[in-house]
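S.K.: Take this structure, written in structure tokens, and hold onto it; I'll ask about it next.
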Amino acid sequence: MTTEPTSTHPALENKNWWRDAVVYQVYPRSFVESGGEGMGDIPGIVSRLDYLADLGVDAIWVSPFYTSPLHDGGYDVADYRSIDTRLGSLDDVDTLVEQAHARGIRVLLDLVPNHSSSEHPWFVELLAAGPGSPAWDRYVVREGRGPNREEPPNNWRSVFHGRGWSQILDAEGEPTGYWYLHLFDTTQPDLNWDNPEVHAEFRDILRFWFDRGIDGFRIDVAHGLVKEAGLPDFAYPEDGDPDATPAMFDEDVAHAPFWDQDGVHEIYREWRRVADEYDPPRVFCGETWVPNPERFARYQRPDELHTSFNFIYLEAGWDGERMRKAIDDTITDHARVGAPPTWVLSNHDVIRHRTRLAPVDDATGERDLERGLRRARAATVFTLALPGSMYIYQGEELGLPEVVDLPDEVRQDPAWFRSGGTDGRRDGCRVPIPWAGDAPSYGFGPGSASWLPQPADWSTMSVLAEQGVDGSTLELYRSALRARRESTALGEGPLVWLADAPAGVLAFSREDAGGASLVCALNLETTTAVLPAAWGSSVVIGGETAVWLRA
Ligand code: GLC
């Protein structure tokens, strides 16, 4: 199938754009607001496309904006084909795609196939129908254990803490003895991917959006969806929190009967066939929390997903050995399947990398955010030189730290509530972006309020405060993205580690087919490093700094 191109921008001609793209993640509720209710929206995104074009990104990935009760920030979708009226309309999405394309920027949306919202018509129908009805087979429903079926069908826990199952109640509110699975919140029932109707529905959802001209999808919990037949109990690691499924990424959990099942690959083959029907072909990026690099790369086989987020690298922290191993493993295993690696340092689920990489003072327990910023900037520059594509999370280009002191009463992360306030601090990276000015909401919207309060000291980190200012983090991102785009040695291609790097320095060279080359060095130590003169003219770099040297 061919859809009318919405633009003839030359950047859109490259069908392999995803192999080395810089993709910017927009978390719509927190990006920019055009209305006056304190919540970001789709017209807001449209109004900042020039900013994104100037920044130099190739594509945006927009987190969910579909109709949703927002029990998990929109990752609880009640209708996959309509827009939450607080965020906009289908017409607004069409405008977004058209206007982004006019600037040569691709648009990826977010698909949530592991679960729907409990307000999705299918789940509402399930609750109204009796056991055995076809409506029950669209979700993972089983009889309970115990004489009165009052115990859940197995011991699976929710990622957001507590039981992974809830009992279905009848119209009178009485327990039915049947339970539905929710690996996340109780309002996010897991869909049954053994049911062909679920497959047909999602193929149709893909086509609905592809027909509107979007360029592809990021796939939520891409390693979930399929559960091991028989739903066996899982031997949870004994040292873990007895109340929660340990982080999706924990090696001990990687083999759980609800993650990374072989059967999930068949779904992506099916979707790839749909994506390839289009011209240009649509693309996928999986949220694939699989800690084993070889199993991770299997998702990127030629007839499956194009790319997936590389959380192995994100988890490596400020540790040269782990970073290098993550890079080597990723490159080797991806080369085997012919896919480009991707790199990511921050997103809407993890602590912003300025804060995450900041060293903690042993005496006070405080994080040194100044050093955190140095490291974050260096990590970004280093990462942008790696082969493949890179994901940037909104606000990291301003050097925003995590907001760690949100008052309990404004928190919205479902894991916060399910853990009794011991976990679930994902709101701290979702605080709205400061655009300009001294007073909250720093130009985020027309009013002074935003759905999550912004810190009092963010005016110096606003877009207006940083743009045009030499040395600001925003200008660093802009110039790095510009240089990356202009350099034929960056993007896809080989990487060669430089053996003569001084201690504490990770350094590699990149070379294009014509012999143009670039050296990238990251000094992980706090002290100055002297680089071999053979690498280029600039031979001394400061502590916790990265450089690109053009030969
Ligand atoms: C993914 C999303 C996260 C969401 C979860 C459940 O990990 O990135 O925000 O809470 O899936 O949908």
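S.K.: In this structure, does residue 383 turn out to be in the same structural domain as residue 430 (by TED's automatic domain parsing), over 17 Å from residue 319 (Cα atoms), of a type in the set (S, T, N, Q) and more than 16 Å from the ligand (Cβ to nearest atom)?
M.R.: no
S.K.: Checking the conditions here, which among 82, 68, 89 is within 15 Å of the ligand (Cβ to nearest atom) and either within 26 Å of residue 21 (Cβ to Cβ) or not β-branched (Val, Ile, Thr) (or both)?
M.R.: 68
S.K.: If I filter the range 107-141 down to residues being crowded, with 23+ Cβ neighbours inside 10 Å and β-branched (Val, Ile, Thr), which single residue comes out as farthest from the ligand (Cβ to nearest atom)?
M.R.: 107
Here is a yes/no grid of residues against (1) in contact with a His (Cβ under 8 Å, 6 or more places away or on another chain); (2) more than 23 Å from residue 425 (Cα to Cα); (3) not polar (S, T, N, Q):
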| residue | (1), (2), (3) |
| --- | --- |
| 251 | no, no, yes |
| 258 | no, yes, yes |
| 267 | yes, yes, yes |
| 276 | no, yes, yes |
| 290 | yes, no, yes |
| 298 | yes, yes, yes |
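S.K.: Which one is surrounded by the fewest Cβ atoms within 10 Å (Cβ to Cβ) among residues in the range 143-197 that are β-branched (Val, Ile, Thr) and within 16 Å of the ligand (Cβ to nearest atom)?
M.R.: That would be 186.
S.K.: Separate question: Is it the case, given these coordinates, that residue 417 is touching a Cys at 6+ places or on another chain (Cβ under 9 Å) and either outside the structural domain of residue 319 (by TED's automatic domain parsing) or of a type outside the set (Lys, Arg) (or both)?
M.R.: Against the criterion (touching a Cys at 6+ places or on another chain (Cβ under 9 Å) and either outside the structural domain of residue 319 (by TED's automatic domain parsing) or of a type outside the set (Lys, Arg) (or both)), residue 417 does not qualify.
S.K.: Pull up the range 494-531, narrow it to residues that are outside any strand (DSSP E or B) and of a type in the set (A, V, I, L, M, F, W, C), then point me to the one that is farthest from residue 372 (Cα to Cα).
M.R.: Only one residue fits best here, namely 513.
S.K.: Does residue 392 count as open to solvent by less than 20 Å² (accessible area, probe 1.4 Å) and in a strand (DSSP E or B)?
M.R.: yes
S.K.: Now, a different point. Could we say that residue 525 is open to solvent by 30 Å² or more (accessible area, probe 1.4 Å), under 17 Å from residue 382 (Cβ atoms) and outside the structural domain of residue 393 (by TED's automatic domain parsing) here?
M.R.: Judged against the criteria, residue 525 is a match.
S.K.: Which residues, counting only those in the range 431-441, are open to solvent by less than 10 Å² (accessible area, probe 1.4 Å) and more than 10 Å from residue 461 (Cα to Cα)?
M.R.: Listed by number, the residues that qualify are 431, 432, 441.
S.K.: If you don't mind, another one. Return a yes/no flag: does the range 198-214 have any residue that is of a type in the set (D, E, K, R) and at pLDDT below 95.
M.R.: no
S.K.: Output the residues belonging to the range 212-238 that are among the acidic types (Asp, Glu) and either within 16 Å of the ligand (Cβ to nearest atom) or touching a residue at least 12 places away in the same chain (Cβ under 8 Å) (or both).
M.R.: 215, 220, 228, 233
S.K.: List the residue pairs whose Cβ atoms are under 6 Å apart, where the first residue sits in the range 82-100 and is modelled with pLDDT of 95 or more, the second is of a type in the set (Gly, Ala, Ser), and the two are 6 or more positions apart or on different chains.
M.R.: Pairs found: 83/89; 84/68; 97/213.
S.K.: While we're here: Taking the range 321-349 as the search range and keeping residues that are open to solvent by 20 Å² or more (accessible area, probe 1.4 Å) and under 24 Å from residue 396 (Cα atoms), which one is farthest from the ligand (Cβ to nearest atom)?
M.R.: Ranking the candidates gives 324 first.
S.K.: Among residues belonging to the range 296-312 that are open to solvent by less than 10 Å² (accessible area, probe 1.4 Å) and without any contact (Cβ under 8 Å) to a residue 40 or more places away in the chain, point out the one that is farthest from the chain's Cα centre (by Cα).
M.R.: Ranking the qualifying residues of the range 296-312, first place goes to 304.
S.K.: If a residue counts only when it is free of Cβ contacts under 8 Å to residues at least 40 places away in the same chain and within 16 Å of the ligand (Cβ to nearest atom), which helices (runs of 4 or more DSSP H) contained entirely in the range 411-489 have at least 2 such residues?
M.R.: Passing ranges, in order: 414-418.
S.K.: Let me ask something else about it. Working only within the range 250-290, note down all residues that are within 16 Å of the ligand (Cβ to nearest atom) and open to solvent by 20 Å² or more (accessible area, probe 1.4 Å).
M.R.: 250, 289 - these are the residues of the range 250-290 that are within 16 Å of the ligand (Cβ to nearest atom) and open to solvent by 20 Å² or more (accessible area, probe 1.4 Å).
S.K.: Can you report the number of residues in the range 350-361 which are more than 16 Å from the ligand (Cβ to nearest atom) and open to solvent by 40 Å² or more (accessible area, probe 1.4 Å)?
M.R.: Of the residues in that region, 3 qualify.
S.K.: Can you say whether residue 200 is part of a helix (DSSP H, G or I) and either within 28 Å of residue 295 (Cβ to Cβ) or over 24 Å from the mean Cα position of the chain (by Cα) (or both), as far as the supplied structure shows?
M.R.: yes
The values are calculated or read from the model by the stated rules, or taken from the named source; none is laboratory data. Small disclaimer: the values here were computed from a predicted structure and weren't measured. All Cβ positions, even for glycine, are placed from backbone atoms using ideal geometry, and neighbour counts span all protein chains on display. SASA here: full protein model, heavy atoms, side chains in, ligands and nucleic acids out. Shrake-Rupley method; radii C 1.70, N 1.55, O 1.52, S 1.80 Å.
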